[in-house]
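Single-structure report; data block below.
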Protein chains: 2
Amino acid sequence: MSILERRLFGPGPSNPYPEATAALGLPLLGHLDPAFIALMDETCDMLRTVWGTDNARTLPISATGSAGMEAAFVNTVHPGDVVVVAVNGLFGQRMTDVAARCGAEVVAVEHEWGQPVDVERVLGAHPSPAIIAAVHAETSTGVRSDIAALGAGKGDALLLVDAVTSIGGIELRADDWGVDIGYAGTQKCLGVAPGLAPFTINDRAFARRVEKPHSWYLDLGLLGGYVGEAEGRGGGRTYHHTAPVAMVASLHAGLARILDEGLEAVWARHEAAGRLLQDGLEKMGLELFAAEGHRLPELTTVKVPEGVDSAAVRRYLLETHDIEIGAGAGAYASSVWRIGLMGRNARPDAVLLVLAALQDALDHA
Amino acid sequence: MSILERRLFGPGPSNPYPEATAALGLPLLGHLDPAFIALMDETCDMLRTVWGTDNARTLPISATGSAGMEAAFVNTVHPGDVVVVAVNGLFGQRMTDVAARCGAEVVAVEHEWGQPVDVERVLGAHPSPAIIAAVHAETSTGVRSDIAALGAGKGDALLLVDAVTSIGGIELRADDWGVDIGYAGTQKCLGVAPGLAPFTINDRAFARRVEKPHSWYLDLGLLGGYVGEAEGRGGGRTYHHTAPVAMVASLHAGLARILDEGLEAVWARHEAAGRLLQDGLEKMGLELFAAEGHRLPELTTVKVPEGVDSAAVRRYLLETHDIEIGAGAGAYASSVWRIGLMGRNARPDAVLLVLAALQDALDHA
């Protein structure tokens, strides 16, 4: 069977940075090998940089981004806690389900899809929530919300943020913005295959955590020893579970690539690529879906033109050009496309290719 | 920095099969790409073979083996359910913690470490348990237990089995033995990096499952759509979470390697390597730890000789020969070594190497 070479211009995974792929093929280390422990320490340090945090408790959770969401809620929601969730897309919706399973009294603040979070409405939804939760970059709609404004107004509540599609792609400053708990994924702008959930929690949130959460696997009280929190850098490790060694090595390589280029330069590269794509799509006569002024550069949503079969276009792109773009999410499955330019794909040549291919598909599909 | 090439003769991870490592370096597929869906279908089929099951609900859970344990309990334990756990090592102990967090009334049947599960005592521990749980191959002690006998006597209870260290290494026949729920890991005898938990559950157990478990990420009701259970092979997929695509591709390659060699031939290879190692250790004058007649071939426990510094020997092996062996677990941390011959390392040349290196370490450390 011949090897497929897809260009991944959907909502994620993106094509990993070559350094991240190469690291997957290195000889495997044991999870308690001193060399792996050093690699894990460096990975956590680099994660602190991309999160914009000094939090000691910053680590790659050993599962995909959705497990990061679960870790965030299962460790911080006590039964009956009021959790205000800003819902402006699929991942806000998912938060309400996950929080409810943890015993939260959920106050969902619904928004029209394609719009950013209405900060006033969210902050006014309840007088004294335990947690306010929001998605920084909604993967389902391509919209960026103002996390700093939520942090400024959160009061005594903990601010819990989904940064799956923002981390490594757009400005993210967890500490400056007042983020208490954050989770992300590796397979979008970090340019690493899916499989880990970069996670961070500050002392304030950790002090209020659930002592014995329902989840053993995601229990942050136990995971502290796993990344050597008690012993410090290079110190001993408490065996909790076997680290996904190859994936951590790959994340290490991806992060090193990003920090070598410079985090702000990487953000600028995503910004430039996204603007080029969005201008190009409008020049083709297509209409963007996300509200103007709140569009993510790394993930663009565009309306499927009247009379065009969304799935046929996507199939044509995949079969003719080995190019993947995404369908819309939820009610917009067949009326919106999602085009991602993440990690190594946030480059002008990728923009030229995807625009030309989409034009070809519209002409032929 | 030069690349380390460790020989992983500890309790896991083992050195992956080269096919499994090569697959990690292939171009990444999207998680909804028809080519990935076909790969996932084939992976689930091959997992059915190594499990010895026809269960439709057989899949690689997107996290490490310990999350497999959590998935097993969180989906099947209703609050107040009596769960009898056979505890003859660390992983049986862990089961009691995980089950209790799910609301179980746990009946722990304690055994001396190094001994197999006492089937009579476990079956007699409670008149009507909802679940009986046991570890097939205790990674902490190197002991095999008789799962078939537990299955024969389980009555109406569900039999929940940890096959992390047995799958792909020794005989495992989930259906014939009456296993209702099973979980495993990829990083031992399957010869793949850590990161996935091969999982299986039969219709009987699925029918009794928790409708809305505390865990969203591990909810088998939602994961059915993820692997196309409703639609059948090659059918549509419900988006649940982004599959860890590279790891699934690697598992696919590792399983294909095993089935190409032949599952029974692979078991025989592990058996032969383990016997050769155990004979060699005894010829060196060392004493084995696990009870005779119940020793795992893939994981050998051996007592540290009087007066020998366990950690110094392990450090010497790692630094001088790039060889990893494991410390003991729990109370046996410094009095027992664990030597794994798993997957590609279940070969006579590996046995010769580890025996020679251990002799060298005992002479010099």
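Checking the structure you have, find out if any residue of the stretch A:110-120 is among the β-branched types (Val, Ile, Thr), surrounded by 24 or more Cβ atoms within 10 Å (Cβ to Cβ) and within 20 Å of the chain's Cα centre (by Cα). Steps first, answer last, please.
Pass one, the stretch A:110-120, residues among the β-branched types (Val, Ile, Thr): A:117, A:119.
Now drop any that are not surrounded by 24 or more Cβ atoms within 10 Å (Cβ to Cβ), which leaves A:117.
Checking the rest, the ones that are also within 20 Å of the chain's Cα centre (by Cα) come to A:117.
Yes - at least one qualifying residue is present in the stretch A:110-120.
Can you spot a residue in the stretch A:123-131 that is touching a Phe, Trp or Tyr at 6+ places or on another chain (Cβ under 9 Å), assigned by TED's automatic domain parsing to the domain that holds A:VAL179, on the phi < 0 side of the Ramachandran plot and of a type outside the set (A, V, I, L, M, F, W, C)?
Our first condition is that a residue be touching a Phe, Trp or Tyr at 6+ places or on another chain (Cβ under 9 Å); within the stretch A:123-131, this holds for A:131.
Among the residues that remain, those that are also assigned by TED's automatic domain parsing to the domain that holds A:VAL179 are: A:131.
Narrowing further to those that are on the phi < 0 side of the Ramachandran plot: A:131.
Now narrow it down to the ones that are of a type outside the set (A, V, I, L, M, F, W, C): none.
No, the conditions are met nowhere in the stretch A:123-131.
Hey, can you tell me all the residues within the stretch A:140-168 that are open to solvent by 10 Å² or more (accessible area, probe 1.4 Å) and touching a residue at least 60 places away in the same chain (Cβ under 8 Å)? Before the answer, list the steps.
Quick first cut of the stretch A:140-168, residues open to solvent by 10 Å² or more (accessible area, probe 1.4 Å) only: A:144, A:146, A:148-149, A:151-156, A:164.
Across the stretch A:140-168, the qualifying residues are A:ARG144, A:VAL164.
Looking at the stretch A:207-247 only, could you name the residues that are modelled with pLDDT of 85 or more, surrounded by fewer than 19 Cβ atoms within 10 Å (Cβ to Cβ) and not in a loop (DSSP other than H, G, I, E, B)?
If the condition is that a residue be modelled with pLDDT of 85 or more, surrounded by fewer than 19 Cβ atoms within 10 Å (Cβ to Cβ) and not in a loop (DSSP other than H, G, I, E, B), then A:ALA207, A:GLY221, A:LEU222 are the ones that fit.
In the stretch A:1-31, which residues are at pLDDT 95 or above, part of a loop (DSSP other than H, G, I, E, B) and more than 7 Å from chain B (Cβ to nearest Cβ)?
A:PRO11, A:SER14, A:TYR17 - these are the residues of the stretch A:1-31 that are at pLDDT 95 or above, part of a loop (DSSP other than H, G, I, E, B) and more than 7 Å from chain B (Cβ to nearest Cβ).
Any idea which of (1) touching a residue at least 12 places away in the same chain (Cβ under 8 Å); (2) touching a Gly at 6+ places or on another chain (Cβ under 9 Å); (3) at negative phi is the one A:GLY343 doesn't satisfy?
If we test A:GLY343 against (1) touching a residue at least 12 places away in the same chain (Cβ under 8 Å); (2) touching a Gly at 6+ places or on another chain (Cβ under 9 Å); (3) at negative phi, just (3) comes out false.
Checking A:ASN55 against (1) touching a strand residue (DSSP E or B) at 6+ places or on another chain (Cβ under 9 Å); (2) farther than 20 Å from A:ALA205 by Cα; (3) polar (S, T, N, Q), which test does it fail?
(2)
Just to verify a result, which residue in the stretch A:86-113, among those that are polar (S, T, N, Q) and in a helix (DSSP H, G or I), is farthest from B:HIS241 (Cα to Cα)?
Filtering the stretch A:86-113 down to residues polar (S, T, N, Q) leaves A:88, A:93, A:96.
Still in the running and in a helix (DSSP H, G or I): A:93, A:96.
Working: A:GLN93: 14, A:THR96: 16 Å.
If we take residues in the stretch A:86-113 being polar (S, T, N, Q) and in a helix (DSSP H, G or I), then A:THR96 is farthest from B:HIS241 (Cα to Cα).
Just to be sure, is B:GLU171 open to solvent by 20 Å² or more (accessible area, probe 1.4 Å) and in contact with a helix residue (DSSP H, G or I) (Cβ under 7 Å, 6 or more places away or on another chain)? Before the answer, list the steps.
Details: open to solvent by 20 Å² or more (accessible area, probe 1.4 Å): yes; in contact with a helix residue (DSSP H, G or I) (Cβ under 7 Å, 6 or more places away or on another chain): yes.
When the stated conditions are applied, B:GLU171 passes them.
Report whether or not B:GLY103 is within 14 Å of chain A (Cβ to nearest Cβ) and under 25 Å from B:ASP260 (Cα atoms). First the steps, then the outcome.
Numbers: within 14 Å of chain A (Cβ to nearest Cβ): yes; under 25 Å from B:ASP260 (Cα atoms): no.
Judged against the criteria, B:GLY103 is not a match.
In this structure, does B:LEU341 turn out to be more than 22 Å from the chain's Cα centre (by Cα) and either within 30 Å of B:GLU19 (Cα to Cα) or of a type outside the set (A, V, I, L, M) (or both)?
Working: more than 22 Å from the chain's Cα centre (by Cα): no; either within 30 Å of B:GLU19 (Cα to Cα) or of a type outside the set (A, V, I, L, M) (or both): yes.
No, not satisfied.
Can you tell me which residue is surrounded by the most Cβ atoms within 10 Å (Cβ to Cβ) among those in the stretch B:5-47 that are out of contact with any Ser or Thr (no Cβ under 8 Å at 6 or more places or on another chain) and among the polar types (S, T, N, Q)?
Going through the qualifying residues, I end up with B:SER14.
Can you spot a residue in the stretch B:48-61 that is within 12 Å of chain A (Cβ to nearest Cβ), under 17 Å from A:THR242 (Cβ atoms) and crowded, with 18+ Cβ neighbours inside 10 Å?
Filtering the stretch B:48-61 down to residues within 12 Å of chain A (Cβ to nearest Cβ) leaves B:60-61.
Now narrow it down to the ones that are under 17 Å from A:THR242 (Cβ atoms): B:60-61.
Still in the running and crowded, with 18+ Cβ neighbours inside 10 Å: B:60-61.
Among the residues of the stretch B:48-61, at least one is within 12 Å of chain A (Cβ to nearest Cβ), under 17 Å from A:THR242 (Cβ atoms) and crowded, with 18+ Cβ neighbours inside 10 Å, which makes the answer yes.
Kindly evaluate A:MET69 against the criterion of being at the interface with chain B (Cβ under 9 Å from one of its Cβ atoms), crowded, with 22+ Cβ neighbours inside 10 Å and within 27 Å of A:VAL210 (Cβ to Cβ).
Details: at the interface with chain B (Cβ under 9 Å from one of its Cβ atoms): yes; crowded, with 22+ Cβ neighbours inside 10 Å: yes; within 27 Å of A:VAL210 (Cβ to Cβ): yes.
So A:MET69 passes the test.
Rundown of residues vs (1) closer than 26 Å to A:VAL83 by Cα; (2) more than 11 Å from chain B (Cβ to nearest Cβ), yes/no style:
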residue	(1), (2)
A:VAL164	yes, no
A:GLY168	no, yes
A:TRP177	yes, yes
A:LEU190	no, yes
A:ALA193	no, no
A:PHE199	yes, yes
A:ASP203	yes, yes
A:HIS240	no, no
A:LEU259	no, yes
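Which of the following residues is more than 14 Å from every other protein chain (Cβ to nearest Cβ) and among the charged types (D, E, K, R): A:GLU112, A:GLU42?
Details: A:GLU42 fails: more than 14 Å from every other protein chain (Cβ to nearest Cβ).
Going through A:GLU112, A:GLU42 in turn, just one is more than 14 Å from every other protein chain (Cβ to nearest Cβ) and among the charged types (D, E, K, R): A:GLU112.
Check A:GLY293 against each of (1) surrounded by fewer than 22 Cβ atoms within 10 Å (Cβ to Cβ); (2) within 22 Å of the chain's Cα centre (by Cα); (3) not in a loop (DSSP other than H, G, I, E, B) and name the one condition it does not meet.
(3)
The values are calculated or read from the model by the stated rules, or taken from the named source; none is laboratory data. This structure is a prediction, so every number in the text was calculated from the model and none was measured. Every residue, glycine as well, gets a Cβ built from its backbone with ideal geometry; the counts of neighbours run over all protein chains shown. In case anyone asks, the SASA skips ligands and DNA or RNA and just uses the protein heavy atoms, side chains included. Shrake-Rupley method; radii C 1.70, N 1.55, O 1.52, S 1.80 Å.
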